[in-house]
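Heads up, the thing below is written out as C-alpha coordinates.
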Amino acid sequence: MEFSRRHLGKIAAGLLGAGLLWPAAASAQDMPAPFDNPGDVEIALVRYLSTGDFFQAYLSGVEAQAKALGVNLRVLDSRQDAALQADMVDQAIALGVDGIVIQHGLTESMKEAAQRAVDAGIKVVAFDVNVENDAIPQIEQSDRDLARLALEQAIKDNGEEWKAGYVYVAGIAPLDRRNETWVEFKEKYPGIEEVAQFGTLDNPIANSVANQARSVVTANPDIQVMFAPYDEFAKGVKIAIDEAGLSDGINIYSADISTADISAMREPDSAWVATAATNPAVVGEVSVRALAMLLAGEDPGHNVVVPPTLITQDVLNTQDIKNMDELSQKLPQFAHADVAVPGWMPIPPRD
(Lines give C-alpha, C1' and ligand atoms only; values in the text may rest on other atoms or scores of the structure.)
Protein backbone atom coordinates (compact mmCIF):
# COMPACT_ATOMS: atom_id res chain seq x y z
CA MET A 1 0.00 0.00 0.00
CA GLU A 2 1.45 3.36 -1.02
CA PHE A 3 0.79 6.51 0.96
CA SER A 4 1.13 10.09 -0.19
CA ARG A 5 3.36 12.43 1.80
CA ARG A 6 0.22 14.20 3.05
CA HIS A 7 -1.34 10.99 4.27
CA LEU A 8 1.85 9.80 5.92
CA GLY A 9 2.10 13.08 7.75
CA LYS A 10 -1.49 12.89 8.92
CA ILE A 11 -1.08 9.29 10.00
CA ALA A 12 2.01 10.23 12.00
CA ALA A 13 0.05 13.05 13.65
CA GLY A 14 -2.78 10.71 14.50
CA LEU A 15 -0.39 8.18 15.99
CA LEU A 16 1.47 10.76 18.07
CA GLY A 17 0.40 10.41 21.65
CA ALA A 18 -2.37 7.97 20.77
CA GLY A 19 -0.72 5.12 18.90
CA LEU A 20 0.41 3.41 22.03
CA LEU A 21 1.48 -0.14 22.59
CA TRP A 22 -0.36 -1.49 25.63
CA PRO A 23 1.25 -4.75 26.67
CA ALA A 24 0.07 -6.46 29.81
CA ALA A 25 0.60 -9.70 31.54
CA ALA A 26 -2.35 -12.07 31.66
CA SER A 27 -2.37 -15.69 32.68
CA ALA A 28 -2.16 -17.98 29.66
CA GLN A 29 -3.47 -20.94 31.61
CA ASP A 30 -6.50 -22.49 29.92
CA MET A 31 -6.56 -19.80 27.23
CA PRO A 32 -6.82 -20.82 23.57
CA ALA A 33 -4.35 -19.87 20.88
CA PRO A 34 -3.21 -17.25 20.12
CA PHE A 35 -3.72 -16.02 23.70
CA ASP A 36 -1.65 -18.86 25.17
CA ASN A 37 1.45 -16.79 24.36
CA PRO A 38 0.90 -13.44 26.13
CA GLY A 39 2.30 -10.46 24.27
CA ASP A 40 2.28 -12.16 20.87
CA VAL A 41 -1.10 -10.73 19.85
CA GLU A 42 -1.41 -7.18 18.55
CA ILE A 43 -4.66 -5.36 17.82
CA ALA A 44 -5.47 -1.87 16.58
CA LEU A 45 -8.30 0.47 17.48
CA VAL A 46 -9.02 2.76 14.52
CA ARG A 47 -11.15 5.68 15.68
CA TYR A 48 -13.31 8.20 13.83
CA LEU A 49 -14.86 10.01 16.81
CA SER A 50 -12.87 10.69 19.96
CA THR A 51 -14.17 13.99 21.37
CA GLY A 52 -16.27 13.79 24.50
CA ASP A 53 -16.60 11.77 27.67
CA PHE A 54 -18.24 8.79 25.97
CA PHE A 55 -15.27 8.17 23.72
CA GLN A 56 -12.73 8.61 26.49
CA ALA A 57 -14.60 6.02 28.56
CA TYR A 58 -14.92 3.71 25.55
CA LEU A 59 -11.15 3.88 25.04
CA SER A 60 -10.56 3.08 28.72
CA GLY A 61 -12.68 -0.06 28.29
CA VAL A 62 -10.75 -1.11 25.20
CA GLU A 63 -7.47 -0.59 27.07
CA ALA A 64 -8.67 -2.48 30.15
CA GLN A 65 -9.86 -5.52 28.18
CA ALA A 66 -6.69 -5.56 26.07
CA LYS A 67 -4.65 -5.52 29.28
CA ALA A 68 -6.72 -8.34 30.78
CA LEU A 69 -6.08 -10.44 27.67
CA GLY A 70 -2.37 -9.59 27.60
CA VAL A 71 -2.47 -8.23 24.07
CA ASN A 72 -0.65 -5.25 22.59
CA LEU A 73 -2.95 -2.37 21.61
CA ARG A 74 -2.33 0.35 19.07
CA VAL A 75 -4.69 3.34 19.02
CA LEU A 76 -5.02 5.22 15.74
CA ASP A 77 -7.17 8.35 15.93
CA SER A 78 -8.37 10.01 12.72
CA ARG A 79 -10.16 12.86 14.54
CA GLN A 80 -13.22 12.75 12.27
CA ASP A 81 -11.22 12.65 9.04
CA ALA A 82 -12.91 9.90 7.01
CA ALA A 83 -10.12 9.58 4.44
CA LEU A 84 -7.49 9.43 7.16
CA GLN A 85 -9.43 6.76 9.01
CA ALA A 86 -9.42 4.59 5.87
CA ASP A 87 -5.68 5.19 5.52
CA MET A 88 -5.19 4.18 9.14
CA VAL A 89 -6.87 0.85 8.48
CA ASP A 90 -4.30 0.35 5.72
CA GLN A 91 -1.57 1.42 8.13
CA ALA A 92 -2.75 -1.22 10.62
CA ILE A 93 -2.68 -3.83 7.84
CA ALA A 94 0.87 -2.80 6.93
CA LEU A 95 1.90 -3.07 10.59
CA GLY A 96 0.75 -6.69 10.55
CA VAL A 97 -1.74 -6.49 13.42
CA ASP A 98 -3.80 -9.58 14.17
CA GLY A 99 -7.11 -7.77 14.64
CA ILE A 100 -8.75 -4.38 14.18
CA VAL A 101 -11.59 -2.65 16.00
CA ILE A 102 -13.12 0.02 13.77
CA GLN A 103 -14.81 2.59 15.99
CA HIS A 104 -17.42 4.76 14.25
CA GLY A 105 -16.90 6.22 10.80
CA LEU A 106 -18.76 6.52 7.52
CA THR A 107 -19.93 3.51 5.56
CA GLU A 108 -18.67 4.90 2.27
CA SER A 109 -15.12 5.35 3.56
CA MET A 110 -14.93 2.29 5.82
CA LYS A 111 -16.58 -0.38 3.68
CA GLU A 112 -13.68 -0.95 1.28
CA ALA A 113 -11.01 -0.36 3.93
CA ALA A 114 -12.58 -3.02 6.17
CA GLN A 115 -12.73 -5.45 3.26
CA ARG A 116 -9.02 -4.89 2.57
CA ALA A 117 -8.28 -5.91 6.17
CA VAL A 118 -10.40 -9.05 5.82
CA ASP A 119 -8.68 -9.87 2.54
CA ALA A 120 -5.34 -9.57 4.35
CA GLY A 121 -6.44 -12.23 6.82
CA ILE A 122 -7.00 -9.80 9.68
CA LYS A 123 -9.97 -10.24 12.01
CA VAL A 124 -12.16 -7.16 12.23
CA VAL A 125 -15.07 -5.97 14.35
CA ALA A 126 -16.91 -2.67 13.87
CA PHE A 127 -18.50 -0.53 16.58
CA ASP A 128 -21.24 1.86 15.53
CA VAL A 129 -20.31 1.87 11.86
CA ASN A 130 -22.01 -0.28 9.24
CA VAL A 131 -19.28 -1.68 7.01
CA GLU A 132 -21.79 -3.91 5.17
CA ASN A 133 -19.68 -7.04 5.56
CA ASP A 134 -21.00 -10.42 6.72
CA ALA A 135 -17.51 -11.38 7.92
CA ILE A 136 -17.36 -8.47 10.37
CA PRO A 137 -19.38 -8.53 13.61
CA GLN A 138 -21.20 -5.31 14.39
CA ILE A 139 -20.90 -4.12 17.98
CA GLU A 140 -23.97 -2.08 18.90
CA GLN A 141 -25.43 -0.32 21.92
CA SER A 142 -28.91 -1.41 20.86
CA ASP A 143 -29.40 2.10 19.56
CA ARG A 144 -33.07 1.55 18.80
CA ASP A 145 -33.61 0.57 22.43
CA LEU A 146 -31.65 3.61 23.60
CA ALA A 147 -34.00 5.85 21.65
CA ARG A 148 -37.06 3.83 22.65
CA LEU A 149 -36.33 4.03 26.39
CA ALA A 150 -35.75 7.79 26.24
CA LEU A 151 -38.86 8.42 24.15
CA GLU A 152 -41.05 6.21 26.30
CA GLN A 153 -39.97 8.33 29.26
CA ALA A 154 -40.79 11.47 27.26
CA ILE A 155 -44.32 10.11 26.66
CA LYS A 156 -44.65 9.24 30.35
CA ASP A 157 -43.56 12.72 31.43
CA ASN A 158 -45.26 14.85 28.77
CA GLY A 159 -48.21 12.87 27.44
CA GLU A 160 -48.81 11.98 23.80
CA GLU A 161 -49.02 15.50 22.36
CA TRP A 162 -46.10 17.92 22.35
CA LYS A 163 -43.95 20.09 20.14
CA ALA A 164 -40.42 18.83 19.73
CA GLY A 165 -37.00 19.93 18.65
CA TYR A 166 -34.79 17.15 17.33
CA VAL A 167 -31.00 17.00 17.05
CA TYR A 168 -29.76 14.69 14.29
CA VAL A 169 -26.86 14.26 11.88
CA ALA A 170 -27.44 11.71 9.13
CA GLY A 171 -24.82 9.21 7.97
CA ILE A 172 -23.57 8.11 11.40
CA ALA A 173 -24.79 4.55 12.01
CA PRO A 174 -25.88 4.88 15.68
CA LEU A 175 -27.65 8.17 15.01
CA ASP A 176 -29.36 6.69 11.96
CA ARG A 177 -30.62 3.75 14.02
CA ARG A 178 -31.88 6.09 16.74
CA ASN A 179 -33.55 8.17 14.06
CA GLU A 180 -35.49 5.11 12.88
CA THR A 181 -37.05 4.85 16.33
CA TRP A 182 -37.83 8.58 16.38
CA VAL A 183 -39.64 8.24 13.05
CA GLU A 184 -41.60 5.26 14.38
CA PHE A 185 -42.62 7.17 17.52
CA LYS A 186 -43.90 10.11 15.50
CA GLU A 187 -46.00 7.70 13.46
CA LYS A 188 -47.29 5.94 16.58
CA TYR A 189 -48.04 9.22 18.36
CA PRO A 190 -49.31 11.71 15.75
CA GLY A 191 -49.67 14.31 18.50
CA ILE A 192 -45.88 14.69 18.50
CA GLU A 193 -45.03 17.62 16.23
CA GLU A 194 -41.41 18.05 15.19
CA VAL A 195 -41.09 21.81 14.72
CA ALA A 196 -37.31 21.96 14.26
CA GLN A 197 -34.49 19.61 13.29
CA PHE A 198 -30.86 20.61 13.56
CA GLY A 199 -27.45 19.19 14.43
CA THR A 200 -23.73 19.19 13.71
CA LEU A 201 -20.64 17.17 14.55
CA ASP A 202 -18.31 20.15 14.24
CA ASN A 203 -15.86 20.27 17.15
CA PRO A 204 -16.41 21.13 19.90
CA ILE A 205 -19.72 19.40 19.32
CA ALA A 206 -21.61 20.67 22.37
CA ASN A 207 -20.72 24.30 21.70
CA SER A 208 -21.53 23.99 17.99
CA VAL A 209 -24.95 22.47 18.78
CA ALA A 210 -25.55 25.18 21.38
CA ASN A 211 -25.04 27.82 18.69
CA GLN A 212 -27.73 26.16 16.58
CA ALA A 213 -30.07 25.54 19.51
CA ARG A 214 -30.05 29.23 20.48
CA SER A 215 -31.67 30.11 17.17
CA VAL A 216 -34.07 27.16 17.39
CA VAL A 217 -35.48 28.00 20.83
CA THR A 218 -35.73 31.69 19.91
CA ALA A 219 -37.68 30.89 16.73
CA ASN A 220 -39.79 28.19 18.42
CA PRO A 221 -40.62 29.28 21.97
CA ASP A 222 -43.42 26.69 22.12
CA ILE A 223 -41.05 23.69 22.04
CA GLN A 224 -41.78 21.43 25.02
CA VAL A 225 -39.39 18.52 24.39
CA MET A 226 -35.89 18.33 22.96
CA PHE A 227 -34.87 14.88 21.76
CA ALA A 228 -31.09 14.93 21.56
CA PRO A 229 -30.01 11.26 21.28
CA TYR A 230 -26.29 11.80 21.92
CA ASP A 231 -25.00 13.37 25.10
CA GLU A 232 -22.83 15.96 23.38
CA PHE A 233 -25.99 17.10 21.57
CA ALA A 234 -27.86 17.24 24.87
CA LYS A 235 -25.10 19.30 26.47
CA GLY A 236 -25.35 21.84 23.68
CA VAL A 237 -29.13 22.03 23.89
CA LYS A 238 -28.95 22.51 27.66
CA ILE A 239 -26.50 25.39 27.26
CA ALA A 240 -28.95 27.18 24.96
CA ILE A 241 -31.98 26.45 27.14
CA ASP A 242 -30.20 27.68 30.27
CA GLU A 243 -29.12 30.88 28.53
CA ALA A 244 -32.69 31.48 27.33
CA GLY A 245 -34.12 30.88 30.79
CA LEU A 246 -36.40 28.12 29.47
CA SER A 247 -35.36 25.23 31.71
CA ASP A 248 -38.76 25.15 33.41
CA GLY A 249 -40.62 24.79 30.09
CA ILE A 250 -38.51 22.34 28.06
CA ASN A 251 -37.48 18.77 28.90
CA ILE A 252 -34.39 17.19 27.32
CA TYR A 253 -34.19 13.45 26.56
CA SER A 254 -30.94 11.97 25.35
CA ALA A 255 -28.73 8.94 24.94
CA ASP A 256 -25.36 8.14 26.57
CA ILE A 257 -24.05 9.13 29.99
CA SER A 258 -20.88 10.39 31.70
CA THR A 259 -19.91 11.92 35.02
CA ALA A 260 -20.23 15.37 33.45
CA ASP A 261 -23.70 14.44 32.18
CA ILE A 262 -24.75 13.27 35.65
CA SER A 263 -23.64 16.59 37.10
CA ALA A 264 -25.57 18.50 34.41
CA MET A 265 -28.72 16.44 34.97
CA ARG A 266 -28.55 17.03 38.74
CA GLU A 267 -28.20 20.80 38.56
CA PRO A 268 -31.13 22.61 40.21
CA ASP A 269 -34.05 22.94 37.76
CA SER A 270 -32.07 21.15 35.03
CA ALA A 271 -33.99 20.65 31.79
CA TRP A 272 -32.12 17.38 31.16
CA VAL A 273 -34.51 14.90 32.73
CA ALA A 274 -33.62 11.49 31.29
CA THR A 275 -31.12 9.58 29.20
CA ALA A 276 -30.77 5.99 28.08
CA ALA A 277 -27.27 4.62 28.11
CA THR A 278 -24.87 1.77 28.11
CA ASN A 279 -21.63 2.02 30.03
CA PRO A 280 -19.18 3.15 27.33
CA ALA A 281 -16.29 1.43 29.10
CA VAL A 282 -18.26 -1.83 29.01
CA VAL A 283 -18.96 -1.34 25.29
CA GLY A 284 -15.21 -0.92 24.75
CA GLU A 285 -14.56 -4.14 26.65
CA VAL A 286 -17.19 -6.00 24.61
CA SER A 287 -15.63 -4.74 21.36
CA VAL A 288 -12.27 -6.26 22.31
CA ARG A 289 -13.84 -9.47 23.62
CA ALA A 290 -15.72 -10.01 20.36
CA LEU A 291 -12.49 -9.49 18.42
CA ALA A 292 -10.66 -11.90 20.74
CA MET A 293 -13.30 -14.55 20.10
CA LEU A 294 -12.72 -14.21 16.35
CA LEU A 295 -8.98 -14.54 16.87
CA ALA A 296 -9.57 -17.71 18.89
CA GLY A 297 -11.70 -19.18 16.09
CA GLU A 298 -15.01 -18.58 17.87
CA ASP A 299 -18.13 -16.81 16.62
CA PRO A 300 -19.45 -13.91 18.72
CA GLY A 301 -22.39 -13.52 16.33
CA HIS A 302 -22.86 -10.91 13.63
CA ASN A 303 -24.72 -8.43 15.85
CA VAL A 304 -23.17 -8.12 19.29
CA VAL A 305 -25.64 -6.00 21.24
CA VAL A 306 -25.02 -4.33 24.61
CA PRO A 307 -28.38 -3.64 26.35
CA PRO A 308 -29.05 -0.10 27.64
CA THR A 309 -30.37 1.27 30.93
CA LEU A 310 -32.82 4.15 31.44
CA ILE A 311 -31.35 6.78 33.77
CA THR A 312 -33.63 9.54 34.99
CA GLN A 313 -32.91 12.73 36.86
CA ASP A 314 -35.17 11.45 39.63
CA VAL A 315 -33.12 8.24 40.05
CA LEU A 316 -29.87 10.19 40.15
CA ASN A 317 -31.21 12.55 42.80
CA THR A 318 -33.03 9.92 44.88
CA GLN A 319 -29.99 7.65 45.03
CA ASP A 320 -27.54 10.55 45.26
CA ILE A 321 -25.51 9.33 42.27
CA LYS A 322 -22.74 11.77 41.50
CA ASN A 323 -20.44 9.96 39.06
CA MET A 324 -20.04 6.91 36.84
CA ASP A 325 -18.56 4.76 39.61
CA GLU A 326 -21.57 5.36 41.82
CA LEU A 327 -23.90 4.75 38.89
CA SER A 328 -22.31 1.33 38.37
CA GLN A 329 -22.47 0.56 42.08
CA LYS A 330 -26.11 1.55 42.51
CA LEU A 331 -27.37 0.28 39.14
CA PRO A 332 -25.57 -3.08 38.76
CA GLN A 333 -27.11 -3.71 35.32
CA PHE A 334 -25.05 -0.75 34.12
CA ALA A 335 -21.72 -2.09 35.42
CA HIS A 336 -21.31 -5.18 33.28
CA ALA A 337 -22.75 -6.73 30.15
CA ASP A 338 -22.77 -10.50 29.97
CA VAL A 339 -22.00 -10.28 26.25
CA ALA A 340 -19.17 -12.03 24.39
CA VAL A 341 -17.85 -13.73 27.53
CA PRO A 342 -16.77 -17.32 26.80
CA GLY A 343 -15.56 -19.33 29.77
CA TRP A 344 -11.88 -18.77 29.03
CA MET A 345 -12.16 -14.99 28.68
CA PRO A 346 -10.52 -12.91 31.42
CA ILE A 347 -12.39 -9.69 32.16
CA PRO A 348 -10.97 -6.53 33.70
CA PRO A 349 -11.13 -6.35 37.50
CA ARG A 350 -14.01 -4.41 39.01
CA ASP A 351 -13.40 -1.76 41.66
**Breaking point among (1) under 19 Å from Ala150 (Cα atoms); (2) surrounded by fewer than 18 Cβ atoms within 10 Å (Cβ to Cβ); (3) modelled with pLDDT of 95 or more, for Leu246** = (1)
**Request:** Starting from the range 186-206, take each residue that is under 15 Å from Ala154 (Cβ atoms) and list its partners that are at pLDDT below 95 and surrounded by 14 or more Cβ atoms within 10 Å (Cβ to Cβ), counting only C-beta distances under 6 angstrom and pairs at least six apart or across chains.
**Result:** none
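Would you call Glu112 in the same structural domain as Val217 (by TED's automatic domain parsing) and either free of Cβ contacts under 8 Å to residues at least 60 places away in the same chain or touching a Lys or Arg at 6+ places or on another chain (Cβ under 6 Å) (or both)?
On the way: in the same structural domain as Val217 (by TED's automatic domain parsing): no; either free of Cβ contacts under 8 Å to residues at least 60 places away in the same chain or touching a Lys or Arg at 6+ places or on another chain (Cβ under 6 Å) (or both): yes.
No: the conditions fail for Glu112.
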**Item:** Any chance Val283 is under 25 Å from Ala135 (Cβ atoms) and outside any helix (DSSP H, G or I)
**Value:** no
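Consider Ala213 carefully, then state whether it is outside any loop (DSSP other than H, G, I, E, B), among the aliphatic types (A, V, I, L, M) and in contact with a Gly (Cβ under 7 Å, 6 or more places away or on another chain).
Values: outside any loop (DSSP other than H, G, I, E, B): yes; among the aliphatic types (A, V, I, L, M): yes; in contact with a Gly (Cβ under 7 Å, 6 or more places away or on another chain): yes.
Yes.
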**Message:** For the range 213-236, give me the residue count where each residue is surrounded by fewer than 19 Cβ atoms within 10 Å (Cβ to Cβ) and over 19 Å from Ile192 (Cα atoms).
**Reply:** 3
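Within the range 192-200, does at least one residue satisfy the condition of being part of a helix (DSSP H, G or I) and either at negative phi or surrounded by 16 or more Cβ atoms within 10 Å (Cβ to Cβ) (or both)?
Residues of the range 192-200 that are part of a helix (DSSP H, G or I), as a first pass: none.
No, that holds for no residue.
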**Request:** Can you run down the residue pairs with Cβ atoms below 7 Å, 6 or more apart or on separate chains, where the first is in the range 222-240 and within 16 Å of Ile155 (Cβ to Cβ) and the partner is crowded, with 24+ Cβ neighbours inside 10 Å and among the charged types (D, E, K, R)?
**Result:** Pro229/Arg178
**Item:** Unmet criterion (only one of (1) out of contact with any Lys or Arg (no Cβ under 7 Å at 6 or more places or on another chain); (2) touching a residue at least 12 places away in the same chain (Cβ under 8 Å)) for Ile93
**Value:** (1)
**Prompt:** Can you name the number of the only condition in (1) within 22 Å of the chain's Cα centre (by Cα); (2) farther than 21 Å from Gln56 by Cβ that Leu246 fails?
**Reply:** (1)
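Okay, residues lined up against (1) closer than 23 Å to Asp157 by Cα; (2) charged (D, E, K, R); (3) buried (at least 20 other Cβ atoms within 10 Å of the Cβ):
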residue	(1), (2), (3)
His302	no, no, no
Pro308	yes, no, yes
Asp320	yes, yes, no
Pro332	no, no, no
Ala335	no, no, no
**Asked** Given the conditions (1) assigned to a helix (DSSP H, G or I); (2) modelled with pLDDT of 95 or more, and given that Ile321 satisfies all but one, which numbered condition is not satisfied?
**Response** (1)
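The values are calculated or read from the model by the stated rules, or taken from the named source; none is laboratory data. Remember, predicted model here, so these are calculated numbers, not experimental data. Every residue, glycine as well, gets a Cβ built from its backbone with ideal geometry; the counts of neighbours run over all protein chains shown.
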